[in-house]
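Just below is one structure, and these are the notes that go with it.
Read-outs: derived from the displayed coordinates by stated rules, not from any lab. Computed from a prediction, not measured in an experiment: that's the story for all the values here. Methodologically, a virtual Cβ is constructed for each residue, glycine included, from the backbone with ideal geometry; neighbour enumeration extends over all protein chains shown.
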Amino acid sequence: AGGGGGGGGEAGADGDLIVGFSQVGAESGWRTANTKSIQGAFEDAGIELKFSDAQGKQENQIKAIRSYIQQQVDVIAFSPVVESGWDTVLKEAKDAGIPVVLTDRSVDSEDDSLYASFLGSDFILEGEKAGEWVNTEFADADKVNIVELQGTTGAAPANDRAEGFRNVVTDAKFEVIASQTGDFTRAGGKQVMEAFLQANPEIDLVYAHNDDMGLGAIEAIEAAGMVPGQDIKIVTVDAVKDGMTALADGKINFIVECSPLLGPQLVEIAEKVAAGEDVEKRIVTEETTFTQEQAIEALPDRQY
Ligand code: GYE
């Protein structure tokens, strides 16, 4: 990789290429599957991947990116834990001539020349899909009390899934009576749901920004002597195996898919940008939604 001079853009054969990747952490089933997909894809391609886990901290990601710049890797990829605060370090990468690929989550930088490409889901659309199901499911209801388990504060999927949901759940009969972060973890979802249940006797629906928090909410609802999926309906995002199992069991009512299998596409993008080829600035992941019947059907072949 790199060799002398500009750092990026000088790689020859794949065997030569070095990619540095900074992962968010290991907060959810989704994240574990994402890490596996990325590590597996680079291994299959015979490309050296330097991997670091930021344990949910932006400062750790910034440190990792700076160290990749110093090591003159050919490409830097990362999944930004939060949306804001990246301009300085992205500028450092740009000045060093190292292309950056945003993976899974985006940044809110005004200057899109700071990165080569953004590969990941449309989180606003995911929130809208959850909201459309809610509109249909509660078409005949007079009043619907919703509690929301938000993802990590400041993270693109938390911001956008909240926004998308509110874009379509607009009827006056719907009220989000409580909304708090559960940090995308099962423990966080459980803890916040316990507090929601104590403070609000009438909850009709949980909107959880990921399966793990929905699974935590199920535990809290059951501990309170209620039946998840019946007494309180639950809609989540991701469609990882544990979430799909809960959906098949009727404990979750609907899941919007968010695919973590970004590895093979990331390899392709990294090879192209390292070779100085053009890539699309935005590559959107294709996704579906699941009802209980669809979950039962999909589960046997589910990879993650
Ligand atoms: O939905 C959640 C994970 O950024 C899309 O992060 C990802 C989200 C995913 O912790 O489970």
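Here are some notes:
- Farthest toward positive dipole pole in the chain [+1 Lys/Arg, -1 Asp/Glu at C-beta], among 125, 210, 235: 210
- What the pair-distance distribution of region 79-181 shows, using all Cα-Cα distances binned every 5 Å from zero, is 2, 12, 19, 19, 14, 10, 9, 7, 4, 3, 1, 0 percent.
- Residue 219-residue 43 FRET efficiency (beta carbon distance; Förster radius 25 Å; 0.05 resolution): 0.10
- Between residue 280 and residue 227, the distance separating the two model label sites (each 7 Å from Cα on the Cα→Cβ line) works out to 4.5 nm.
- Packing rank of 232-240, 142-150, 78-86, where each peptide gets the mean count of other beta carbons within 10 Å, highest leading: 232-240, 78-86, 142-150
- Span from the region 219-262 Cα centroid across to the region 9-82 one, whole angstrom: 30 Å
- MRE, 222 nm, helices only [DSSP H, n ≥ 4, -39500 (n - 2.57), over the chain, to nearest 500]: -12500 deg cm²/dmol
- Interchain or long-range residues, amide H under 5 Å from residue 289's placed H: 257
- Charge dipole magnitude, Cβ of K and R +1, D and E -1 - the chain, Cα centre, debye nearest 20: 700 debye
- Taking the C-alpha atoms of region 209-304, convex hull volume expressed per residue in Å³: 97 Å³
- Derived scalar couplings ³J(HN,Hα) [region 116-133; Karplus, 6.51 cos²θ - 1.76 cosθ + 1.60; whole Hz; x for Gly, Pro]: 7, 7, 10, 9, x, 6, 8, 5, 5, 4, 4, x, 5, 5, 4, x, 5, 4
- Remark: the chain projects, on average over all directions, an area of 15.3 nm² (convex hull of Cα atoms).
- Computed over region 128-208, the ratio Rg/Rh where both radii use C-alpha atoms and Rh is Kirkwood: 0.96
- Mean Cβ neighbour count within 10 Å, used as a protection proxy, ranking 90-97, 279-286 highest first: 90-97, 279-286
- Note on 193, 213, 226, 244: ascending count of other Cβ atoms within 10 Å places them as 226, 244, 193, 213, the fewest first.
- Residue 137 versus residue 291: modelled label distance in nm, points set 7 Å from Cα along the beta carbon direction: 1.3 nm
- 0 to 90° range, to nearest 10: angle between helix 186-199 axis and the chain longest Cα axis: 30 degrees
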